[in-house]
Structures are given as structure tokens and as C-alpha cells.
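The values are calculated or read from the model by the stated rules, or taken from the named source; none is laboratory data. Quick caveat, the model's predicted, so the values are computed rather than measured. Because the Cβ atoms are built from the backbone with ideal geometry, glycine has one as well, and the counts that use them run over all protein chains shown. In case anyone asks, the SASA skips ligands and DNA or RNA and just uses the protein heavy atoms, side chains included. Shrake-Rupley method; radii C 1.70, N 1.55, O 1.52, S 1.80 Å.
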Amino acid sequence: MYQSLHRLAEVSGKCSLFINKKLFFLSCLCAGLMAVPTTIDVMGSLLFHKALTCSTELVEFLQVVVLFGGLGYVHDRRAHVYVEMILDKMSNKWRPAFRFAFIGAAAALFMIMAWQLFLTGMDRFASGEVSYDLHIPEYIFVLFAAAGTLAAVISFLSDIIGELASLLENRAFPEMLFGLVLLCAIISAPWWIALLPFAADKLLLGAFCMAAMLTLLLFGMPIGIAMLLMGFVGLLAVFPSPRPALALLGSAPYTTGATYLYSVVPMFILMGEFAMYSGISRDLFNTANVWLGRLPGGLAVATVSGCAGFAAVSGDSMATAVTMSSVALPEMRAKKYDPGFSCATLAAGGTLGILIPPSTGFIFYSLVTEVSIGRLFVAGIVPGLLLAALFILVVFFFARRYPELAPRGAACGWSEKLRSLTGVLPMILLITLVLGGILFGFFSPNQGGAVGAVGTLVFAMCRRRISWENFKKALISTAFITSKMMLILVGVGVLGNFFAATRLPFSLAELVAELGASHFTMFVAIVIAYIVLGCMMNVIPMVLLTLPAIYPSIEAIGFDGVWFGVVCVVLMEMGQITPPVGINVFAISSAAGDVPMARIFRHIVPYFLSMMALVFLLYLFPGLATWLPELLF
């Protein structure tokens, strides 16, 4: 029987992939087009004092296609963001059982969501609702959202058949029974939760659903789906009628996709992708090496400096680390650098990618907390440069004490140093334009991301640095990442409505305020919690998962929102270079090929301590993060 199920899974998987590839093609196309109307709007406003008034609507509609066109394809590639802690370590019998339950629950949830989106679209069709500027019928995009969600359901169903076939093939009958029971428990959760003794107490109900969601996350349910699921289940349990929850499921996903504020995400991701594929990292590393290579550990110093420079166009730590590794690792191998030390330097240097602006970590922090993105970008400059300086001091210390780890490089003349600047000067001007334009109010962060993306592409094309293949790869990666991350934002929106109904975050804030614990005690507790979480998941999912619940408590304690944003990002980045996961270390170890992770972790300790030192410097001297924003805003 399992052979038949495997064949059915294979056929359905091919059908799913065919459908989702077509939808994802539209997603990629729209990801590339999103920056165009915004850039035209900015240029028209600055040069001709005439704005493109419909640019906001165009971007919103394009973003809906990016989000929902990629949902099924993301699942086909098993690329959802999840906590890699328990599920990946399970046996071949238990893993399919949990995946069967989780994917089955996701299929049921998305089926309801597709139907509710369809009903919403038909309501808008009946009412003749059109957009304000372009007068485009909005039902077209709501129905596209429903179609994209349904395509994801097809992908889920194909995966369910495959997991069931695996269970039967392995004769895992107890595990299969467990998976069925777990699936039934998740699907029936609104009914049995409502029967619990404390169900009438909204605060206890909120805490129970939060604990249930964290349990699902630890066992490997994708983060966006877990948040969406528990938010929906909680709303069904809170209200006597299912109508509010169903209405929210038919409106919130589309509203999230059509929110112009969120377009800052794909804009800066696209800028970083163009920068990665255009060879900017090589220019930055070569320039830093010419100027700094003669110093003790010169190549490692150049690597940290190159990471800091690339951080100003990327915004993601792993992308910064991996991109710089392709340039720096071969050079450090050739100069007989210790492989563990080289990889540790790259993994740590990559953490600058999400601290030095523009930073996707700050972008998502701003979206959740409503703290100004501009202030956060400015707040990250001094701590980012200070952290880079601390990393360089680590390199100096070890290069002087153990010269065999990081030998000196050759000295270069002034003519060569000045010539090396020509490769990075246009990019420095572009970065200055983007950040300066945001800081001085010439354009918004969304517009800055669009200008940066288009400017980086023009820079790469003028220097013939980007091929057609790499251009397509940049669009594919942008659409792929955006769809993954915005699914989590959809989950945050639904979960946020549930939290608002139970008032859980605000009750926690009141409780924290009443505890009367010292600021330092609370600060240490936050440090420990975020370092532990950072070991299990990436920065952006961590921001979206934790902040909706704890940010009111942060405000209740009296911590400044901008300052905490910087501390939060640094803490989360610390988790990216610490075991058991250490995603940056894992990525660099994979890129190097022959350097064990244990060897890299041994050399990562001084860099970890440097980040810890920065965190406590920020606590002792909060002005390191707040002085520049207060000066400029």
C-alpha cells in the first residue's frame, strides 16, 4: 500500500510544484517591479516636485502577489522558518508522525483561510470596491490571495500523503496513531480548550495558548503557521461565536500583504541581493586588504572591515558572512591563516550585517513595536562600529600573541591604496544617499530601500558586474525570503488580535512593574533569555515571535524603545555564533567544506565575549545607542 501512496505523493507533488512554480514566477516578477514605482515617485518629487500618487497602491498590490504567490513554493521546498531543535533529531519513525500532524493542521487552517479570502473577494466584487488612486477592483488581488493559499493547501496535501507513506513503509503504526491523535487534538483545540476550567479567564486562556504555541514551535511546527494557528484557535475559544475569528482569517492575511509599511522588507532584501551578486564584497575586501593587510592579522582585520562595509548594503548576518567568505577564505588559506580562526572571524564579522544599517532586524523590530525605523538605523551606527572595533582588537591580540594564527600581509604603496578606493567610492556614495535621504527626511525608509535597490542594480550594470542569471537569482531569492518572512507577519497579526482580546501582554507588563525588581536584574534576565533563544532560531523570527508579548513589559520597566532595539539585535546576533545551532558558524563551516564546527566554535569565544562586553557597555552607557538619534531627530 505504501508504494501506491508514494506514487500518489510523487504525482501530486509534481502537480503542486507545477502550479506553485507558475505562481512563484509572478511573485519573482512583482518582487523586481516593486522598487520601480517608488523610485519614480522619489525622483519625480525631488527633481520635478511632482509625485507619482499611485505608487503606494501599486506597491501594495505587487506585495500581495509576492506574498501569496510564494506560499506554496516555499512549502514545496520545505523552506519554512522553524526551530531546528527537536524535530531534526528525531528518528525516521517519529519525524514523519509529527510532520503529518503539523502539516495536516496547516492544511486545515489554510483551507479555511482560502475559503474566507474567497468570500471576502466575492463580497468586494459584489460591492464594486475599487482602489482610491488607480480604481483597480480590489477583489482581483483578494481572490489571488485565496488562490495562492489554496495552492499551498495542495502542497500540504501532497506532503501529508508522503509522510503517511513513510510511516507505513517503516511499519511505524504506534507513531502513525500518535500523529493522527495529535492532528485531531490540534484541529479540535477550539472546542476542548473552551471546556477547560480556566477557559473563562481570558488571561489564563492567553497564557495557555502561548504555552501551547511555544510547545508546537519547539517540536518543529513552522513559526508563521504556529502563530497563525494558535491566534485563530485562541480567538475561536475566546468568543462565543466563530464569526469574529473567521472574519479575521478572511481579512488579516490580505491586509498584511497590502500594507505599504511592510514593503520596506522586500525593498532592502532586494538591495542586499543585488549587492551580493554584483561583486561589491570583493571590492570592499580588496580595498580593506590594501589599506590594512600589513597590520598583524591584516587579512582578518580586512575581513571584519569588509563585513562592516557590506553590512551597509546587505542587512542580514548570514548573507554578509557567506558572501564575504567566498572572497576572504581563499585569500586567508593562501596566506596560511589558521582555518578555524579564519572561519570564526567571518562568522563573527557577519553579525555586523544586522546591526550596521540598513538592518532587516531593525526593520522587523520597528514593524512590531512602531519605533521609528530612522531612529533605529541611526542608533545602530555607533554600536555597530564599536563592535567592529572590538572584533579588530581581538584579531590584533591573537595575531600578536600567536602569529601562526594570522600572519602579516605585504605592505602596499599609497598609489595602490588610492587606486583601490575607486572600486568602492560609488557604493559609498549610494549608501550615503540612501541613509542620508532617510535621516534628513528626503524620503521614507520604504522609499530609501527602493532607491537603494535600483541604485545598486544601476551601479552593477554600469560596471558590468551582474549577469542575467544573477539578476534572476536576486529576484528569486527576494521573493522567496519575502514570502517566508511575511507569512510570519501574517501570524503576528492574527496572534496580536488574540493577545489584544486576552490582554496578556499588558497584564504581563503590569505584573513586571509590580515585581519591583531592579533594572539590572531584569536586564540580565533578558540577556540570558535572548542568548538562549538565539541558539535555536534566526534573528527575524525571534523578533516577530517574542516582541508582541514582551514589549509592553519592556516599556513598563522604563527601558527606551530605541536603546532596547539595539540591545535586542546584539543579543540575538550572539545566539547566531553560539552552539548548539550557531547558524552563522554552520553556514561558514559549510562554505569552507573542511573545517569542523567544533574548531570554529573554539575560536569564536573571544568574539562572543566582545559582543557581551558591548551589551553591558550599552547598559552602562545607553548614550552609545541614543545620543545620535537624539542629535539628528
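Do any trypsin sites (Lys or Arg not before Pro) in the range 25-98 lie in a loop, going by DSSP, with at most 15 other beta-carbon atoms within 10 Å of their beta carbon, and if so which? Could the numbers behind the result be given before it?
On the way: sites: Lys50, Arg77, Arg78, Lys89, Lys93; in loops: Lys50, Arg77, Arg78, Lys93.
Answer in residue order: Lys50, Arg77, Arg78.
Order the peptides 248-255, 327-334 from the highest to the lowest mean number of other Cβ atoms within 10 Å of their residues.
Details: 248-255: 22.2, 327-334: 18.0.
Top of the packing list down: 248-255, 327-334.
Ranked highest first by average number of other Cβ atoms within 10 Å, how do 573-579, 42-48 line up? Could you put the intermediate results ahead of the total?
Working: 573-579: 23.3, 42-48: 13.9.
Packing proxy ranking, top to bottom: 573-579, 42-48.
Which of the peptides 125-138, 101-114, 421-434 is most tightly packed, and how do the rest follow, judged by the mean count of other Cβ atoms within 10 Å per residue? Provide the component values of the computation, followed by the final result.
On the way: 125-138: 13.0, 101-114: 22.9, 421-434: 16.6.
The densest-packed peptide leads the list: 101-114, 421-434, 125-138.
Just to check I understand the Karplus step: with θ = phi - 60° and J = 6.51 cos²θ - 1.76 cosθ + 1.60, what whole-Hz values come out for the range 558-575, glycine and proline as x?
Using θ = phi - 60°, the values come out as x, 6, 5, x, 5, 4, 5, x, 5, 4, 4, 5, 4, 4, 5, 5, 4, x Hz.
Ignoring ligands, DNA and RNA, what percent of the accessible area of the chain is carbon or sulfur (1.4 Å)? Let's see the in-between values first.
Numbers: 17520 of 25470 Å².
Heavy-atom surface of the chain belonging to carbon and sulfur, 1.4 Å probe: 69 percent.
Given +1 on the Cβ of Lys and Arg, -1 on the Cβ of Asp and Glu, and no further charges, what dipole in debye does the chain carry about its Cα centre, rounded to the nearest 20? Can you show the working numbers first?
On the way: 35 positive and 32 negative charges, 354 e Å.
Dipole about the Cα centre, nearest 20: 1700 debye.
Can you bin the range 94-246 into rounded, prolate or oblate? Criterion: square roots of the alpha carbon gyration tensor eigenvalues sorted a ≥ b ≥ c, rounded for a/c under 1.5, prolate for a/b above b/c, oblate for the rest. Write down the numbers at each step before the final one.
Numbers: a/c = 2.75, a/b = 1.38, b/c = 2.00.
Oblate, because a/c is 1.5 or more while a/b does not exceed b/c.
Using a Förster radius of 22 Å, what is the FRET efficiency between Phe621 and Ala598 based on their Cβ-Cβ separation? Nearest 0.05, please.
Here the calculated transfer efficiency is 0.05.
Which whole-number value in Å² is the accessible area per residue of the chain, probe 1.4 Å? Mind dumping the intermediate values first?
Values: 25470 Å² over 633 residues.
Accessible surface, normalised per residue, equals 40 Å².
Quick one: angle between helix 504-515 and the longest Cα principal axis of the chain, in degrees between 0 and 90, rounded to 10, please.
60
Using a/c under 1.5 as the rounded threshold, could you call the range 367-446 rounded, prolate or oblate? The axes a ≥ b ≥ c are square roots of the C-alpha gyration tensor eigenvalues, and prolate needs a/b larger than b/c, oblate otherwise.
Since a/c reaches 1.5 but b/c is at least a/b, the shape of the range 367-446 is classed as oblate.
Nearest 500 deg cm²/dmol is fine: what mean residue ellipticity at 222 nm does the chain get from its DSSP H runs of n ≥ 4 alone, each adding -39,500 (n - 2.57), divided by its residue count? All intermediate terms of the calculation are to be shown ahead of the outcome.
Values: 28 runs with 493 residues, N = 633.
The helix contribution divided over the chain gives -26500 deg cm²/dmol.
Name all residues of the range 229-269 having a backbone nitrogen under 18 Å from the label point set 7 Å from the Cα of Ala51 along its Cα→Cβ direction, giving them as ranges.
Within reach of a label on Ala51: 259-264.
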